[in-house]
Structure formats: structure tokens, C-alpha cells
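Each remark here refers to the structure printed beneath this line.
The values are calculated or read from the model by the stated rules, or taken from the named source; none is laboratory data. None of the values given here were measured: they were computed from a predicted structure. Here the Cβ positions follow ideal geometry from the backbone for every residue, glycine too, while neighbour counts run over all protein chains shown. Protein only, heavy atoms only, side chains kept; ligands, DNA and RNA dropped before computing areas. Shrake-Rupley method; radii C 1.70, N 1.55, O 1.52, S 1.80 Å.
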Amino acid sequence: MGDPAAASDWRRERRRRLLAHVDPARETGLELGPRTSPIVTREDGHVLYADRLSTPELRAFYRDTIEAGELDPAAFVDVDLVVPDGASLAAALGERGPVDYVVASHVLEHLADPVGWLADIAACLREGGHLCLAVPDKRFTFDHLREPTLARELLGWA
């Protein structure tokens, strides 16, 4: 996306679709792994940010990318909940939950146990809450020729 206006339009449309069923100004949300590009900003409303690393740890992890000028270290969000791999998001949320919605953009495809993760997300949401989920379009990824994962394989991981 070399055209900044086209990239901005794409981001705006992506945000509109992801948040179609929530109102960040009136509801409490939780966004997972926003790094430097949150879908919901603190200016939008009450949102908590969760990641597997703290903000200083994220800056250290992405040091090479920062030094290459590809990421602005000041753009990293302040992580509210550090949830190491394998830990429970619901437990980390604790008394701050349940929330009205959870935003997870390009998170699901990195998980070893997606079914268990979905159960953990459900434990974070109030009754009637929403999971706003974005996943890659397989047609445009490097592994587009890979066989799809079957439901029985997912259930075997749970």
C-alpha cells in the first residue's frame, strides 16, 4: 500500500467492520496485541490492552525493527495486562472484567490452542459481549497452498 490515502481508507474500513457491533465510547473493551496500531484507541473510550510482553519488553523485542526505522518506539501502546504464552487472559483481567468486547486482529493464527483460547475469551466477555476477530485472508498469504486445518485437528489441540 504505497498510497497513504488508500492505506488510511483501508484502515478506516477495517476498523468499521471490526467494530460494527460495539460502541467503544460507551462500552469497555479489551484489545489483544495492538503493539503500535491499536484498532481502538484510548481516545475512543475505555479500552485495556493485553500482550504477552510489557511495553518495555516489546520495545526490546522489536529493537531491530525500530532501529531500521520500521517502527516508532513512542507509538507502542501502554500494555495494561501482560499475559505470557499459556497463561489465562481471564485470570489476568481479574476484577477488571468482564468486558463488553474483545478485539483480536491477527492473533488467532499464532495460537497453538485456538479452541482453548476462544473459551478463555468467552470467560472475559459479559453475557451478550462481542469478539471482534480479524484473521488473514488465506488467498493473500505465503502459505496459500497449504491444506486447511480440519475441525478435528483443532479439537485435538484443546
Please identify every one of the GluC sites (Glu not before Pro) in segment 64-126 that sits in a loop by DSSP and has no more than 13 other beta carbons within 10 Å of its own beta carbon. Glu70
Furthest towards positive pole of dipole, Leu18, Ala60, Leu32, structure part the chain, Cβ charges: Leu18
From the Cα centre of segment 1-79 to that of segment 97-138, the distance in Å is 16 Å
All-pairs Cα distance distribution in segment 1-93, expressed in whole percent, bin size 5 Å: 2, 13, 19, 20, 20, 17, 8, 2, 0
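Just order 28-35, 122-129 by mean Cβ neighbour count inside 10 Å, highest at the front, would you? Could the numbers behind the result be given before it?
Working: 28-35: 22.0, 122-129: 14.1.
Per-residue Cβ counts within 10 Å, averaged per peptide and sorted highest first, yield 28-35, 122-129.
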Ser105 long-range amide H proximity, modeled H, under 5 Å: Leu32, Ala134
Averaged per residue, the 1.4 Å probe accessible area of the chain, protein heavy atoms only, in Å², is roughly 64 Å²
Given (i) 52, 34, 28; (ii) 41, 40, 32; (iii) 44, 32, 29 as possible values of Cα extents along the principal axes in Å, the one from the coordinates is (ii)
Could you look at the chain and say what percent of its accessible area is carbon and sulfur, using a 1.4 Å probe and all protein chains? 53 percent
Name the most mobile residue of Pro38, Pro148, Pro136, meaning the one with the largest mean-square fluctuation, in a Gaussian network model of the chain with Cα contacts below 10 Å. Pro148
